[in-house]
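The structure under discussion appears below in the form of structure tokens.
The values are calculated or read from the model by the stated rules, or taken from the named source; none is laboratory data. Keep in mind the model is a prediction, meaning the values are calculated, not measured. Here the Cβ is made from the backbone with ideal geometry for all residues, glycine too, and neighbour counts use every protein chain on show. Quick note on the areas: whole protein, heavy atoms, side chains included, nothing else; ligands and nucleic acids left out. Shrake-Rupley method; radii C 1.70, N 1.55, O 1.52, S 1.80 Å.
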Amino acid sequence: MDAIALIRFGARLQMLKSEVSISHDRLVRLYREVRGTSPTKGMLPFSADWYMTWRANLHASLFHAIYRFLLADAGCRRLEALVKAYDQYTSCCDESGTPPVLDLTRAWTLVRFVDGGVLGTEPCVECGVWFIKYPHDMRCTPRCVACHLPARAGKRSGSAHPRREKGASERHLATKAPNLG
Ligand SMILES: [Zn+2]
């Protein structure tokens, strides 16, 4: 996986700097060549809480399940698994008629949070899908977002499929997760 491919996929400078061994100045030049604009400066303002709102959690859980599958069962290396999982995740969104919520850098940050123990994963007791949670959240019956969608779910996607049941596209998206043992 090279820097140009990562930039095309939407990687931000902070991600590029920790994933490819190219100097800062060269990365900035490459970024300008590929995207036509300068990269935004500063640290990423992402916190683990962002992945806990219901919609982000559903998308993050799906992405991470695909990522883990590619890493553990398909034998991909870390960065390759990340980019391939991101590609598959956006395809799943297309098929479900739901716009992607994660960009590549959000997906990368999620992987780092899980690897670092800031966030964890656990299988849902109802549907068996692995979902993103706080490691210190000790609820005895862990359930994923798709199994308890909030009442407002689906309101934003309502215009695309007016006759669909509320939250149907989100529920459909959740079924795309690969089965993990
Ligand atoms: Zn569930």
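Somewhere in segment 126-135, is a residue part of a helix (DSSP H, G or I), crowded, with 20+ Cβ neighbours inside 10 Å and either outside the structural domain of residue 12 (by TED's automatic domain parsing) or modelled with pLDDT of 80 or more (or both)? Working first, answer last.
First, pick out the residues of segment 126-135 that are part of a helix (DSSP H, G or I): none.
Within segment 126-135, none of the residues are part of a helix (DSSP H, G or I), crowded, with 20+ Cβ neighbours inside 10 Å and either outside the structural domain of residue 12 (by TED's automatic domain parsing) or modelled with pLDDT of 80 or more (or both).
Among the listed residues 77, 68, 112, 106, which satisfies the condition of being within 22 Å of residue 129 (Cα to Cα), surrounded by fewer than 16 Cβ atoms within 10 Å (Cβ to Cβ) and basic (Lys, Arg)?
Numbers: 77 fails: within 22 Å of residue 129 (Cα to Cα); 68 fails: surrounded by fewer than 16 Cβ atoms within 10 Å (Cβ to Cβ); 106 fails: surrounded by fewer than 16 Cβ atoms within 10 Å (Cβ to Cβ).
Just a single option satisfies the conditions, and that option is 112.
Is it the case that segment 40-49 has a residue that's open to solvent by 70 Å² or more (accessible area, probe 1.4 Å), among the charged types (D, E, K, R), at pLDDT below 90 and not assigned by TED's automatic domain parsing to the domain that holds residue 94?
yes
Can you find, within segment 29-72, the residue that is nearest to the chain's Cα centre (by Cα) among those that are assigned to a loop (DSSP other than H, G, I, E, B) and in contact (Cβ under 8 Å) with a residue 40 or more places away in the chain?
Step one: of segment 29-72, the residues assigned to a loop (DSSP other than H, G, I, E, B) are 36-47, 53.
Remaining after also requiring in contact (Cβ under 8 Å) with a residue 40 or more places away in the chain: 44, 46.
Values: 44: 16, 46: 13 Å.
Step by step, filter segment 29-72, then rank; the result is 46.
Going by what's in this entry, would residue 162 be described as open to solvent by 40 Å² or more (accessible area, probe 1.4 Å), at pLDDT 90 or above and more than 16 Å from the ligand (Cβ to nearest atom)?
no
Give 75, 97, 116 a once-over and let me know the one that is under 20 Å from residue 47 (Cα atoms) and not β-branched (Val, Ile, Thr). Break it down stepwise before answering.
Numbers: 75 fails: under 20 Å from residue 47 (Cα atoms); 97 fails: under 20 Å from residue 47 (Cα atoms).
Of 75, 97, 116, the one residue that is under 20 Å from residue 47 (Cα atoms) and not β-branched (Val, Ile, Thr) is 116.
So if I check each of 90, 98, which one is under 20 Å from residue 173 (Cβ atoms), out of contact with any helix residue (DSSP H, G or I) (no Cβ under 8 Å at 6 or more places or on another chain) and away from the ligand (no atom under 16 Å from the Cβ)? Give the steps one after another, and end with the answer.
Numbers: 98 fails: out of contact with any helix residue (DSSP H, G or I) (no Cβ under 8 Å at 6 or more places or on another chain).
After ruling out the rest, the residue left standing is 90.
When you scan segment 94-111, how many residues do you find that are of a type in the set (Val, Ile, Thr) and in a helix (DSSP H, G or I)? Please lay out each step first, then the result.
Within segment 94-111, the first condition is being of a type in the set (Val, Ile, Thr), and the residues that meet it are 98, 101, 105, 109, 111.
Filter once more, keeping what is in a helix (DSSP H, G or I): 105, 109, 111.
Here the count works out to 3.
Which residues, counting only those in segment 136-154, are open to solvent by 60 Å² or more (accessible area, probe 1.4 Å) and in a loop (DSSP other than H, G, I, E, B)? Even if it seems obvious, please write down each step before you answer.
First, pick out the residues of segment 136-154 that are open to solvent by 60 Å² or more (accessible area, probe 1.4 Å): 136, 138-141, 143, 148, 151-152.
Within segment 136-154, 136, 138, 139, 140, 141, 143, 151, 152 qualify.
Could you list all residues from segment 116-152 that are within 13 Å of the ligand (Cβ to nearest atom) and of a type in the set (Phe, Trp, Tyr)?
Within segment 116-152, 130, 131 meet the criteria.
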